[in-house]
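Readers should treat all values here as calculations from the given coordinates under stated rules, not as data from a laboratory. What you see is a predicted model, and the numbers here were worked out from it, not measured in a lab. All Cβ positions, glycine included, derive from the backbone under ideal geometry; neighbour counts span all protein chains shown.
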Amino acid sequence: MPELTVLPVADPTVEFPPVQPSVGRAPLPVRVTTFFAIVLPLLTVVAVPFLIRGSGFHWTDLGLLLGLYVVTVLGITVGFHRLFTHHSFETYTWVKVVLGIVGSMAVQGSLLTWVAVHRRHHQFSDTATDPHSPRHKGRGVFGLLRGFWHAHIGWFFEAHSPDLDHYNKDLRESRSLRVVSILFPLWVALGLVIPAVLGGVISLSWAGMWTGLIWGGLVRVFLVHHVTWSVNSACHLWGFRTYRSNDQSRNNVLFGVLALGEGWHNTHHAFPTSARHGLRWWQVDVSFWVIRTLSLLGLAWSLKQPTKQAQANKRLIS
């Protein structure tokens, strides 16, 4: 496996533009669409006892919930984040397309926009220009709560920086990835249709189709949203710092597990182009296990990882 020396905070393959001022709230249609994308899964979770009355909860529903959760989270962690944003490994175009599609099913925005926002986050991490830092909303308990809300959900309702296209020039050179990004609404719909169809086929009933949509579709989207968004919010507030980084990112054990390795966030900000975030033996990093498996199958190569010396040079705690 190729190893690198000390990796900078920003992705060295991307030329970042200069700071742009805040541009206020997003356009009304964007805010309305975002509102429903966030609230509909939440309402589904709240209404689950009424929605499944008479049909119950079965092993098929659990399988669809967990299966689609893992697949779509990996689409974000392995695809959108480690591959497309940070180039932590390389793979074939068809694998990129698959990861782009399942990542889009997580309902967190189109591929090109997601990557651009995340690269901007790394450029200005935890500064006032960071798109979703929890650190600049005042002091005390109320400042903490306001910051958490902004980093977790609130920033979705703000307009994107006008220079956002500068952050994804490399990806826009690929026609395949441009098409995947443009077809984002189709992949979102597919992410709801697939569990509904599977539920109906497996159970041979309309009720199974309905519960498949609920558990494998909307409830799954709710869980994926709030677990992965917690990397923006909770992992910049609570946890421990193992390595020096130019921000307040934290390693958080809970989200290290639930977010399939993304919760080792301080490690990621110290070594952003590393394919592996959980660098210690006990740090569960399912996303890296998947990348490593792809490598063993000949489907991924050029995996990046910091050397032992690079880790030692940045280590804060033993």
The range 101-115 - phi-based ³J(HN,Hα) in whole Hz, Karplus 6.51/-1.76/1.60, Gly and Pro as x: 5, 5, x, 5, 5, 6, 6, 10, x, 5, 3, 5, 5, 4, 4
Förster radius 25 Å - calculated FRET efficiency between Val179 and Leu42, Cβ distance, rounded to 0.05: 0.20
Overall Cα dimensions of the range 28-238 - principal axes, largest extent first, Å: 52, 47, 32
Length added when fully stretched, Tyr92-Ser302, from 0.36 nm per residue minus Cα-Cα: 74.4 nm
Two-site FRET efficiency, Ala189 against Trp59, from Cβ-Cβ distance with R₀ of 41 Å, rounded to 0.05: 0.95
Angle between the chain longest axis and helix 140-152 axis [Cα atoms, degrees, rounded to 10]: 70 degrees
In the range 265-309, the trypsin sites (Lys or Arg not before Pro) that fall in loop regions by DSSP, at most 16 other Cβ within 10 Å: Arg280
Global size of the range 187-229 as Cα Rg and Dmax, reported in angstrom: 10.7, 36
Range in the chain, longest, excluding exposed GluC sites (Glu not before Pro) [loop by DSSP; at most 11 other beta-carbon atoms within 10 Å]: 16-172
Value at 222 nm in deg cm²/dmol, rounded to 500, when DSSP H runs of n ≥ 4 in the chain each add -39,500 (n - 2.57): -15500 deg cm²/dmol
Amide H contacts of Tyr243 (H built 1.01 Å from N, under 5 Å, at least 5 apart or other chain): Leu316
Amide H contacts under 5 Å for Glu158, placed H, 5+ residues apart: Ala26
Per-residue HN-Hα couplings for the range 57-73 [Karplus 6.51, -1.76, 1.60; θ = phi - 60°; Hz; x = Gly/Pro]: 10, 10, 4, 4, 5, 5, x, 5, 4, 5, x, 5, 4, 4, 5, 6, 5
Point-to-point label distance, Val201-Leu28, nm (Cα→Cβ direction, 7 Å offset): 4.3 nm
Between 0 and 90°, nearest 10: helix 28-51 axis offset from the chain longest Cα axis: 50 degrees
Debye, to nearest 20: dipole size of the chain, +1 on Lys, Arg Cβ, -1 on Asp, Glu Cβ: 500 debye
Crossing angle, helix 184-203 versus the chain [Cα axis fit, 0-90 degrees, rounded to tens]: 50 degrees
Karplus-derived 3J(HN,Hα), 6.51/-1.76/1.60, for each residue of the range 153-163, Hz, glycine and proline x: 9, x, 5, 5, 8, 9, 5, 6, 4, x, 9
Cα-based reach from Lys169 at 29 Å (exclusive), listing lysines while leaving out same-chain residues under 8 positions away: Lys96, Lys304
Cleavage-rule hits, chymotrypsin sites (Phe, Trp or Tyr not before Pro), the range 239-283, DSSP coil, Cβ neighbours within 10 Å at most 13: Trp281, Trp282
Additional length obtainable on full extension of the chain from Lys169 to Asn313, 0.36 nm per residue less Cα span: 48.6 nm
